[in-house]
Structure formats: structure tokens, C-alpha cells
């Protein structure tokens, strides 16, 4: 297994995985990642900013994630709860696994790699949000010791459940 920063030549493979995830969420009736988000430009921006990572098995990209250090604007206000920490954190966005490789522990592997990255940066907190109906993601987060913190709202006013793991 290899975990590395994504490069421009990974774009089509990453977009294929994102598209699979969008279709899965749609099939499940979950209104997350619909209406053209995340799109190609979002992923290009992630790659250009050095925030996009890929997980490879036998040189095949099986997972993708954006790991972003710094303040997440939509996390500045949290409702019906509070964040577990007040210091620096990284935000995980756009985590997805190729549908042919689901349920093999690769999403947990990506979360573990995010923790390693945080440790190397001297950051001791990871934050992430998900749709209230995205039970597979909520289960993944709870299984990996992320704690529910409250509700945040995206820029488009969509409600999301917020989680944090203090390392």
C-alpha cells in the first residue's frame, strides 16, 4: 500500500472514485455530494494546493482524500455542542474509496495516514463533517474514535454533523 500526495496525472482516477461515491450517495437517497460537488475544479484545486492524497494498492488508486491544515471557515460556528480542542487542526474532506475496494479497511487506512500526517506537522486534532443520513461515514468515524461534536452549516446552509479526534 502506498499513500502519497496526488499529482495532476491522478485526476481522472480520483474523479472516477468521486463519481462512484456521488452515485452511491444518490442511490442511498443521501443528499450529499450532489449538484455537481465535488467537481473536477475542486479536485484540481486540492492537487494544486497540495491537499489531495491518494491511496494505492498494487499501483492502482483505490482511495482519495483532501487533508487540509488551517482554519475551516464553516467550522468557526458549531451548534448544539462544541469542538473538543481549541488549537490547530486539520480538516478531512472528500474521502472516498473505489467501489471495487469498499469494506476492505482502506478508509480506516486513510484516516490512519491523516493522523500520521498530523503528527509530522505537530498538529493534534482532526476535524471532519458528514451528512446526517450518511450512516456508513458516521460508523467509520465512530469506529476510528472520532467524537461527535455538534452541527455545522456549510456555506450553502446545508446541515452537517461535525466530528473531531484529538490525537
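Using the count of nearby Cβ atoms within 10 Å as a rough guide to exposure, how do 71, 90 rank from fewest to most?
On the way: 71 11, 90 22.
Least crowded to most crowded, the residues run 71, 90.
Would you mind ranking 166, 14 by Cβ crowding within 10 Å, fewest neighbours first? Don't skip to the end; give the middle numbers.
On the way: 166 15, 14 26.
Ranking 166, 14 by Cβ neighbours within 10 Å, fewest first, gives 166, 14.
In Å³ and rounded to a whole number, note down the convex hull volume per residue for the Cα atoms of region 2-166.
Details: hull volume 17.9 nm³, N = 165.
So the per-residue Cα hull volume is 109 Å³.
Within a 10 angstrom radius of the beta carbon, how do 74, 91 rank from fewest other beta carbons to most? Before the final figure, lay out the partial values.
Working: 74 17, 91 21.
In increasing order of surrounding Cβ atoms, one gets 74, 91.
With runs of 4+ DSSP H residues as the only contributors, calculate the mean residue ellipticity of the chain at 222 nm using -39,500 (n - 2.57) per run, divided by the residue total and rounded to the nearest 500.
Values: 4 runs with 51 residues, N = 167.
Calculated from helices alone, the mean residue ellipticity at 222 nm is -9500 deg cm²/dmol.
Which whole-number percentage describes the relative contact order of region 2-166, with Cα contacts under 8 Å and a sequence gap of 6 or more? Intermediate results must be reported in sequence, preceding the final value.
Numbers: 272 pairs, mean separation 37.0, N = 165.
Across region 2-166, relative contact order equals 22 percent.
Take the Cβ-Cβ distance between residue 71 and residue 99 as r, set R0 to 45 Å, and report the resulting FRET efficiency rounded to the nearest 0.05.
Numbers: r = 33 Å, r/R0 = 0.73.
Result of the calculation: an efficiency of 0.85.
With each pseudo-label sitting 7 Å past Cα toward Cβ, what's the residue 132-residue 155 distance in nm, one decimal?
Taking the simple label geometry, residue 132 and residue 155 are separated by 2.4 nm.
Along the Cα→Cβ direction, 7 angstrom out, place labels at residue 4 and residue 26. What is the inter-label distance in nm?
3.2 nm
Each reported figure results from applying straightforward, stated rules to the coordinates on display, with no laboratory input. These figures come from a predicted structure and were not determined experimentally. So basically every Cβ, Gly included, is an ideal-geometry build from the backbone, and we count neighbours across all protein chains shown.
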